[in-house]
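Input: a single structure, listed below in C-alpha cells.
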Amino acid sequence: EDIYELTYIRKDGSSFPALVSITALRDDASRIIGYLLIGTDNSARKRVQQQLGEALLAAEAANRAKTDFISSMSHELRTPLNAILGFAQLVDSGNPPPTPLQKRSIDQILKAGWYLLELINEILDLALIESGTVSLSREPVLLSEVLAECRAMMEPQAHKRGIAMVFLPLDAPCYMMADRTRFKQVMINVLFNAIKYNQVGGHVTVQCTLTPPDSVRISVRDTGQGLAPDKLAQLFQPFNRLGQEQGTEEGTGIGLVVTQRLVQLMGGDIGADSTLGVGSEFWVSMPLTVAPQLDAPHHGPALATTAQPVNGKKPLHTLLYVEDNPANLELVEQVIARRADLRLLSAADASLGIEFARVYQPEVVLMDINLPGISGTDAMRILRTDPSTAHIPIIALSANAVPRDIQKGIEAGFFDYVTKPFKVQQLLDALDAALLFSQTHLHKKIERDTTP
C-alpha cells in the first residue's frame, strides 16, 4: 500500500488537500488485476498542523521576548544598584575611616543593597528557568571541592549567629555529573536556610552517602524549630514562606523553588524531612560519574607575575575604561585611585575608546556593553581584529548579568566578565589577572625580539 498527498480539484474549481492510498489487487496467482484507490479529505489535519505550527512560532517568539525583557530589566535594576553598593563600599573602606555612627549607617546600606541584589537574582533565575532559557554545562564535579568552597563561604555567617557547622568526611573521592556553578548555588542556598532558620547555639551537619546504584545523597540537617507535615507539603511552592512573613528573617519564598528546578535540570532530586521541635533535614541526590581524565601538568619555565619596580617605585600600569554612565565611571575612578600602580584613562563611547586603545596602548581595557552607537561587544571585536590592539585583554564590566549574556560575552572574546553591582575586591582581582596576562604577553614579545 502506498499513500500520496494530493490536491483534489472540484468541478467548481475549488480544491482541498487529500490523502490517497493505492493498494494493488491480485488474483490467486499473485497477478495484479487492478488497484484500489481510497481518497480522504485531509483539510482538517492540515488545518490543525498549521495551527500547531503557528502556536509553536508564537510560543517561541513569546519566550524570546520574555528572555529579552528579563535581560533588559536585569540591566536597568543593576545599574543604579551598582552606584549604591559601589560608593558605599568605598566610604566604608575609606581613609579616614567612618565614625561609629556612620559605620552603622553604611552597614545598613550595604546589607539592604546586597539583599536587594539577592532578590533580583532569585526572581531573574526563576523567570529564566520557567521560560526554559537557563543554560547548564554538566561535567564531572568533585563533590569534596564544592563542599569545601561552600563551607568557607558559609561558616563565618554561621559563627555570627552562634551556630556550629559539621562536615562529615567522605569515605572516598566522589564525582557528580553537574553544572559546578549551579550546584554550588544549590548547596549555598540549602546551607543558608539551615543557618537562617536555626537557633542560637544550634548546629548544621552535612553528610554525604552513596545511594546505589549510581547516585550520591548530600544531607543537610539543622536543629531549628522544624516544620509541621502540612507546611512540609508546601515547601517547594513559589512565593510561599510557610508562615514566616511576620518573622524577623527576610525572604521571598522563591529560593527553594529555584533550587529544586536547578537540581532537576541537572538530573538530580531534592527533598526534605522535618520534625517539629527537633529540626529539618534537606537532601540533594545527584547522579555519579567517573573522574575526568586530566592532562599531564606542564612544567615549563615560570614567568614573572609582576612588573619590576623602577627606582624603588611601583610600576605604573595604564587602564582604559569605556563607560557612558558618569556615576559608574566615577565609581571605578575612585577604586583605581586607591592603587598607586594603576592609572586610568576613560572614554564615553566605543568609537573614542577604540581610538584611545590604539593610541595609548593600555595594558587592560574595561568595557561597558550597552554603549551609545557601537556596542561594547562590537568594540571588543574591532580591537581584537586590529593587530595593534589584539593582544590587550578586555574585561566586560556590565549590568547585563543574565547567565546567557555572560556566556555570550565570554564566547565573543572578552577576557573576563564582571557584573554590576560588583564587589571592589572582585574587580581588582579581575584586573590583576588581566595585568598578569598582559605582562606575560609582553615578556614573550621581548623574548622573540631579542632571540637571534
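Since every read-out is calculated from the coordinates, none of them should be taken as a lab result. Worth saying up front: this structure is predicted, and the values here are computed from it rather than measured. When we count neighbours, we look across all protein chains shown, and the Cβ atoms used for this are built from the backbone with ideal geometry, even at glycine.
Before moving on, here are some points about what is shown:
- Among the listed pairs Lys184/Lys420; Lys231/Lys420; Lys111/Lys408, those beyond 27 Å (Cα-Cα): Lys231/Lys420; Lys111/Lys408
- Residues of the range 4-22 with amide N under 19 Å of the 7 Å Cα→Cβ point at Tyr35: 4-9, 18-22
- Inter-site label distance for Phe236 and Leu19 at 7 Å from Cα along Cβ, in nm: 4.0 nm
- Placing a pseudo-label 7 Å from each Cα along the Cα-to-Cβ vector at Arg358 and Arg339 gives an inter-label distance of 2.7 nm.
- Straightening the chain between Leu116 and Asp2 buys 34.6 nm, computed as 0.36 nm per residue apart minus the Cα-Cα spacing.
- Overall shape: oblate for the range 323-363, with the ratio a/c of the largest to smallest alpha carbon gyration tensor axis at 1.5 or above and b/c at least equal to a/b.
- The spacing between the range 88-151 and the range 379-399, judged by their C-alpha centroids, is 28 Å.
- Each other residue within a Cβ distance under 11 Å of Gly376 adds +1 if Lys or Arg and -1 if Asp or Glu, for a net charge of -4.
- Modelled label reach - Leu168, point 7 Å along Cα→Cβ, the range 196-235 residues with backbone N closer than 20 Å: 202-224, 226
- Relative contact order [Cα under 8 Å, 6+ residues apart], the range 134-244, whole percent: 26 percent
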